[in-house]
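One structure below.
The values are calculated or read from the model by the stated rules, or taken from the named source; none is laboratory data. Being a predicted model, the structure only gives us computed values, none of them experimental. Note that each Cβ is placed from the backbone with ideal geometry, even for glycine, and that neighbours are counted across all protein chains shown. The area values use the complete protein model at the heavy-atom level, side chains included, leaving out ligands, DNA and RNA. Shrake-Rupley method; radii C 1.70, N 1.55, O 1.52, S 1.80 Å.
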Number of protein chains: 2
Amino acid sequence: MPGITRIQLSHGSGSGQQRLLREILAPVLLPDRQGVYEDAAVFASPGKRLAFTTDSFVVQPLEFPGGDIGKLAACGTINDLAMMGAMPLHLSVALILEEGLETGLLVRVLGSLARVCRETGVVIRCGDTKVVERGKADGLFVTTAGIGAVLPRVRLSAAYARPGDAVLVSGPIGLHGITVLAARKNLSFASRAVSDCAPLAEIVRGLLDAVPETRVLRDATRGGVAAVLNEIAESSEVTIRLIQERIPVPESVEGACSLLGLDPLQVANEGRFVAVLPAGRAEAALAVLREHELGQGAARIGAVEEQGRFPVIMETLIGGTRSVETPPGELLPRIC
Amino acid sequence: MPGITRIQLSHGSGSGQQRLLREILAPVLLPDRQGVYEDAAVFASPGKRLAFTTDSFVVQPLEFPGGDIGKLAACGTINDLAMMGAMPLHLSVALILEEGLETGLLVRVLGSLARVCRETGVVIRCGDTKVVERGKADGLFVTTAGIGAVLPRVRLSAAYARPGDAVLVSGPIGLHGITVLAARKNLSFASRAVSDCAPLAEIVRGLLDAVPETRVLRDATRGGVAAVLNEIAESSEVTIRLIQERIPVPESVEGACSLLGLDPLQVANEGRFVAVLPAGRAEAALAVLREHELGQGAARIGAVEEQGRFPVIMETLIGGTRSVETPPGELLPRIC
């Protein structure tokens with residue numbers, strides 16, 4: 001019997017699905033193959049307080065410099081758990097496959113997903129596969145859900161920022177969005193950009209161990225740092241003031257944004273987060289972040305103030321002040 | 001500002017996404033709107049042993065007699081948890097929306113999803129929304145993941161069937177598959193069929209309270225009763241013998257299957273399950289199932305034997321014996 005090279009509709013149920021599971025999916029996602037035939041995974045509860053989150057991934061192209069849809073699907077859910085102070089432990093993986101998809105590609109991206117899980121101690125517990133007819137999906141959509149155990153002592157919420165707090169970012173911004181855009185549109189001027197896509201659980205754990213007083217963590221995905229800061233400002237009923245010269249923007253992002261008329265603050269990241277914490281702990285937090293590979297470019301980019309006219313404002317390089325807005329939404333579709 | 005009547009690409013991120021969430025999704029899915037801006041839900045662990053499962057739903061058409069993609073997405077995950085003896089408690093909902101989708105339809109199907117959750121005590125904890133361009137998805141795909149607390153004393157697995165056990169089915173089979181097929185193809189001869197789509201947590205709890213010795217529970221979704229029994233037989237290394245005259249097949253299913261050349265055993269259900277339990281407890285189990293609205297047609301359809309030549313065999317109405325096979329897979333694509 002020849003191997004499966006392309007997804008067929010018959011892989012959507014019955015023995016075709018079993019064959020896909022046995023030959024392609026289980027070896028890469030579930031190397032020990034336990035419980036492949038059960039309806040749900042059963043395990044001991046990992047803690048007193050749990051965090052639970054989900055994300056669908058529809059990124060185009062499916063592979064890009066620095067990552068692919070599989071790495072993104074693992075990191076996205078791991079990071080959402082980490083942002084609530086939870087150590088990610090259990091992951092579900094649901095696939096929607098378009099008829100005709102090359103299984104070589106599928107194995108590559110699921111291999112990336114599995115690698116991130118192995119490296120972060122996350123166990124893939126359950127999954128599902130659906131196949132739709134050619135033209136009814138775009139290659140591959142991945143939906144992950146994750147369960148994590150919330151660290152003791154930690155209380156994080158977008159609503160906890162207070163006037164006087166410091167606002168930090170964990171590294172240079174905008175790389176994921178510009179990388180995906182460049183890969184999609186063949187933009188040579190941004191071809192050196194590499195996605196920041198990375199799992200943030202370890203660096204967050206380091207930060208929370210050192211600075212458990214941290215009040216807000218948010219990874220700056222769709223809508224970028226601008227969207228996240230606006231959400232924090234609204235939830236906490238405060239104004240956030242940024243200092244433009246302190247915001248770490250890589251040259252490739254800067255260049256692409258000027259050419260395309262984009263604001264780096266509005267471009268998506270997949271391995272950067274914003275932290276709001278008491279100003280007195282800002283230097284300690286920066287030191288801890290910079291010790292980690294993923295926090296090399298960490299910076300203190302602003303402060304929280306009493307609620308003013310705008311949720312987020314920025315002191316610009318040319319000495320003015322402008323409002324920083326959540327992007328309207330259509331800038332970069334299907335970035336994750 | 002006029003209401004949102006159709007999904008646009010701009011609803012995929014930034015302020016467009018926030019508006020979609022605020023105006024359409026949160027009112028129907030999260031009426032108390034708590035934590036809409038957090039990256040993950042945080043809650044106390046619901047028990048010592050957890051069950052975790054996920055399913056994507058790509059059914060066509062999105063609405064059909066007896067249900068819709070939303071009801072299916074809630075029931076599918078609730079039922080997978082119930083089959084492991086877990087009471088479903090927490091649900092995630094991830095949506096992939098095609099540009100141009102009518103929000104009226106979206107609100108209807110998410111209303112169904114929310115209704116099933118309310119009726120079964122399941123809390124929608126977290127969600128995600130992605131929008132893809134027209135022609136890159138088929139209206140709406142829904143992925144749910146669920147967390148449940150496993151009942152004490154219960155130990156269920158597809159691998160626990162033993163020779164001598166009784167095999168039960170909770171009601172008439174094949175209705176979901178035939179209903180969806182009839183709705184899709186406008187088959188007038190099957191137009192009276194109504195999907196069996198229903199949440200099974202309550203009837204399962206009743207069964208497990210009365211017969212905690214139950215060894216296997218499986219809802220007979222894709223591939224029908226035939227696929228599920230084959231999986232149980234393989235996992236448990238036994239043969240399952242069915243008695244055809246005891247299998248409850250509704251007239252509408254029987255008729256449609258003869259005309260279409262389908263085997264009712266291979267047709268999908270979304271509210272029926274198979275139970276394997278000690279023969280001495282079969283009558284007690286049937287009595288409990290039949291007390292419940294969803295178990296009116298429960299029947300003892302066969303028995304477990306030592307492993308023979310075929311995983312599943314059936315004594316037919318005409319006095320012969322035939323092997324019952326897992327369907328090859330392409331019979332009824334996109335049934336759930």
Between A:153, A:162, A:192, which is within 14 Å of chain B (Cβ to nearest Cβ) and surrounded by fewer than 18 Cβ atoms within 10 Å (Cβ to Cβ)?
A:153
Which residues, taken from the range A:134-150, are more than 7 Å from every other protein chain (Cβ to nearest Cβ) and of a type in the set (D, E, K, R)?
A:134
Only one of (1) in a loop (DSSP other than H, G, I, E, B); (2) facing chain A (nearest Cβ under 8 Å); (3) among the β-branched types (Val, Ile, Thr) does not apply to residue B:96, and that is (1)
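If we keep just the residues of the range B:185-206 that are touching a strand residue (DSSP E or B) at 6+ places or on another chain (Cβ under 7 Å) and outside any loop (DSSP other than H, G, I, E, B), which is farthest from residue B:290 (Cα to Cα)? Give the derivation first.
Pass one, the range B:185-206, residues touching a strand residue (DSSP E or B) at 6+ places or on another chain (Cβ under 7 Å): B:195, B:197, B:200-201, B:204-205.
Subset that is outside any loop (DSSP other than H, G, I, E, B): B:201, B:204-205.
Details: B:201: 15, B:204: 12, B:205: 13 Å.
Applying the filter and picking the extreme gives B:201.
Taking the condition among the hydrophobic types (A, V, I, L, M, F, W, C), out of contact with any Leu (no Cβ under 6 Å at 6 or more places or on another chain) and not in a loop (DSSP other than H, G, I, E, B), does residue B:161 pass? Break it down stepwise before answering.
On the way: among the hydrophobic types (A, V, I, L, M, F, W, C): yes; out of contact with any Leu (no Cβ under 6 Å at 6 or more places or on another chain): yes; not in a loop (DSSP other than H, G, I, E, B): no.
So residue B:161 does not fit the description; no.
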Residue A:29 versus (1) more than 7 Å from chain B (Cβ to nearest Cβ); (2) closer than 18 Å to residue B:76 by Cβ; (3) crowded, with 20+ Cβ neighbours inside 10 Å: which is the lone unmet condition?
(2)
When you scan the range B:182-202, do you find a residue that is modelled with pLDDT of 95 or more and basic (Lys, Arg), even just one?
no
Could you tell me whether residue A:173 is closer than 30 Å to residue A:29 by Cα, among the aliphatic types (A, V, I, L, M) and open to solvent by less than 10 Å² (accessible area, probe 1.4 Å)?
no
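Return the only residue of B:83, B:87 being crowded, with 22+ Cβ neighbours inside 10 Å, touching a helix residue (DSSP H, G or I) at 6+ places or on another chain (Cβ under 8 Å) and away from every other protein chain (no Cβ under 11 Å). Give the derivation first.
Values: B:83 fails: away from every other protein chain (no Cβ under 11 Å).
Testing whether each residue is crowded, with 22+ Cβ neighbours inside 10 Å, touching a helix residue (DSSP H, G or I) at 6+ places or on another chain (Cβ under 8 Å) and away from every other protein chain (no Cβ under 11 Å) leaves just B:87.
Might you let me know whether the range A:172-182 holds any residue that is touching a strand residue (DSSP E or B) at 6+ places or on another chain (Cβ under 7 Å), hydrophobic (A, V, I, L, M, F, W, C) and assigned to a loop (DSSP other than H, G, I, E, B)? So that I can check it myself, show each step before the final result.
If we filter the range A:172-182 for residues that are touching a strand residue (DSSP E or B) at 6+ places or on another chain (Cβ under 7 Å), which is where we start, we get A:179-180.
Still in the running and hydrophobic (A, V, I, L, M, F, W, C): A:180.
Narrowing the set further to residues that are assigned to a loop (DSSP other than H, G, I, E, B) leaves none.
Checked the range A:172-182: no residue is touching a strand residue (DSSP E or B) at 6+ places or on another chain (Cβ under 7 Å), hydrophobic (A, V, I, L, M, F, W, C) and assigned to a loop (DSSP other than H, G, I, E, B).
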Residue pairs qualifying under the 8 Å Cβ cut-off, at least six apart or on distinct chains, with the first in the range A:268-285 being in the same structural domain as residue A:212 (by TED's automatic domain parsing) and the second being assigned to a helix (DSSP H, G or I) and β-branched (Val, Ile, Thr), are A:268/A:180; A:269/A:225; A:272/A:225; A:273/A:204; A:274/A:225; A:274/A:228; A:274/A:232; A:276/A:232
Is at least one residue of the range B:60-79 buried (at least 24 other Cβ atoms within 10 Å of the Cβ), in contact with a strand residue (DSSP E or B) (Cβ under 9 Å, 6 or more places away or on another chain) and at the interface with chain A (Cβ under 7 Å from one of its Cβ atoms)?
no
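Go through the range A:263-334 and tell me which strands (runs of 3 or more DSSP E), entirely inside it, have 3 or more residues that are open to solvent by 20 Å² or more (accessible area, probe 1.4 Å). Spell out how you get there, then give the answer.
Working: elements: A:273-277, A:299-306, A:312-315, A:321-323.
Filter on the range A:263-334 gives A:299-306, A:321-323.
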